[in-house]
Every structure is written in C-alpha cells, then in structure tokens.
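Below is one structure; the comments refer to it alone.
The values are calculated or read from the model by the stated rules, or taken from the named source; none is laboratory data. Computed from a prediction, not measured in an experiment: that's the story for all the values here. Virtual Cβ from ideal backbone geometry, glycine too; neighbours counted across all protein chains shown.
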Amino acid sequence: MVVNPNTTSSMTEAVVSAAARVAAVGTMVVGSTASRGVPAIESNVDEVWGALGVLEQVRAGEKRGLDGYVIACFGDTGLAAAKEAARGPAVGMTEAALFTAALVAARFTIITLPPRTREQSRRVLRDTGLERRATVRAIDVGVADLAAGAAAVLEAMLDEGRRAVAEDSAEAVVLGCAGLADLVAPLQQELAVPVIDGVAAAVKAVEGLLAQGLSTSRAGTYARTADVGR
C-alpha cells in the first residue's frame, strides 16, 4: 500500500502511478488516501492530522492482509506509528530516498517545497545520521499547487538544482515531495547527476525487505502494543 497522509486523491493517483512504474512483476500496488485531515502536509499541525491518517490507513491495510507499506509524504509523517502497527515492513519515502542517495553520492541536496517544510527534511536527515552529507533547499511553491501536475514547477526545480550542483557540490538531488516523480528524467538529463524519487526508492526497499524475509524489529522501539487494532 502506498499511503497518502493527505486527503487529495489526485496526489494518491500520481504516486501510485509512479510506484507501479518501478514495482517488480508480481507486485500489486494499491493506493490509499486519508479520509479526514488536510489536503496537503505543510506545517506541524498538518503533520499531526497526517499521522492520524497514516495510522488509520495502515490499520485498514492490515485487515486486508497487505504485505508492506510506503509512506508517501516527504518528512515521513506518521512513519514510526506505521512501523509499530504493520506486521510487514513500512518504509518512509524520505528515509528511502536519503539512503539511496547515500549509496550513489558522497554529497547530495534535497529540494523540497514549500520553504517552511525544510525542517521536516532536516529531522529525517538527523534521524538517519546523514545530515553532514546533505544540504536542504526549497522552492516557494505549495504542495497543493502540484495538483495540476509537476511540470509546472520544472523550471523552479531546475534553477534550484543548478545552484545545488554549483554551490553545494551536490553529486545527487533528492526530490522533496511525493508529487515530483515525473521530474526525475528531465532533471537528471539537465543536471547530469542522479535524481532520486522517494516513492520509487521506498517501493524497491519494501520489495527488498520482503524478499529477504525481513520486517520491523519488535525488540523494543517498535514492539506492537495492545491497542494497535483499535
């Protein structure tokens, strides 16, 4: 399941399409949209609503017997709860993107949106221990503005990407929003560095964990609690 923490169904459709393009033969990708909350995750209050939406969607997925989950929000909204609630692996698009970038580049830059969400990116960088290898940039566009398609922000992303390569010594670029997958190819061609979409990275991470028979450790932090099914 690709879990969308916001209530915008068109964004769910876009990320499911991106996920399906990279999924292995035999992998079924299903999308899920928060039934209540906010149309975009752009603030701390939005994240609280989004986290509740993630938990509700994962619980619904567990009743359906799904094998794993991708949290499709940059900043990995509700990811810790998802890891605790799901029997199978739950992977955040941000953590997957960052670890992927670390495999292919010594230094990389996240380009997120809007500017106020940069701290969410920095939080995941700290959690993954990769903050010394990364820079965070942003374009002044709202998440809701992507409803018309990511192509509308291509030029802004290109401009920021060029600055990242020139000024940050970035050797790869991480796209800081679930709705930007369609920009991977044009950005990569123009910037001549790897460009990473977190949804695609997370899909392959979930598949890889399942193939190895691995899921979230229950030794302590993510031990399942008695109320997980409420």
Original post:
Which members of the stretch 17-44 meet the condition of being among the aliphatic types (A, V, I, L, M) and either in contact (Cβ under 8 Å) with a residue 24 or more places away in the chain or crowded, with 21+ Cβ neighbours inside 10 Å (or both)?
Top reply: A18, A19, V22, A23, A24, V29, V30, A34, V38, A40, I41
Original post:
Hey, does the stretch 56-67 have a residue that's closer than 21 Å to T117 by Cβ and either aliphatic (A, V, I, L, M) or touching a Phe, Trp or Tyr at 6+ places or on another chain (Cβ under 7 Å) (or both)?
Top reply: no
Original post:
Can T94 be described as under 15 Å from the mean Cα position of the chain (by Cα), under 20 Å from D46 (Cα atoms) and among the β-branched types (V, I, T)?
Top reply: yes
Original post:
Among E56, E47, E62, which is among the charged types (D, E, K, R), outside the structural domain of D168 (by TED's automatic domain parsing) and free of Cβ contacts under 8 Å to residues at least 60 places away in the same chain?
Top reply: E56
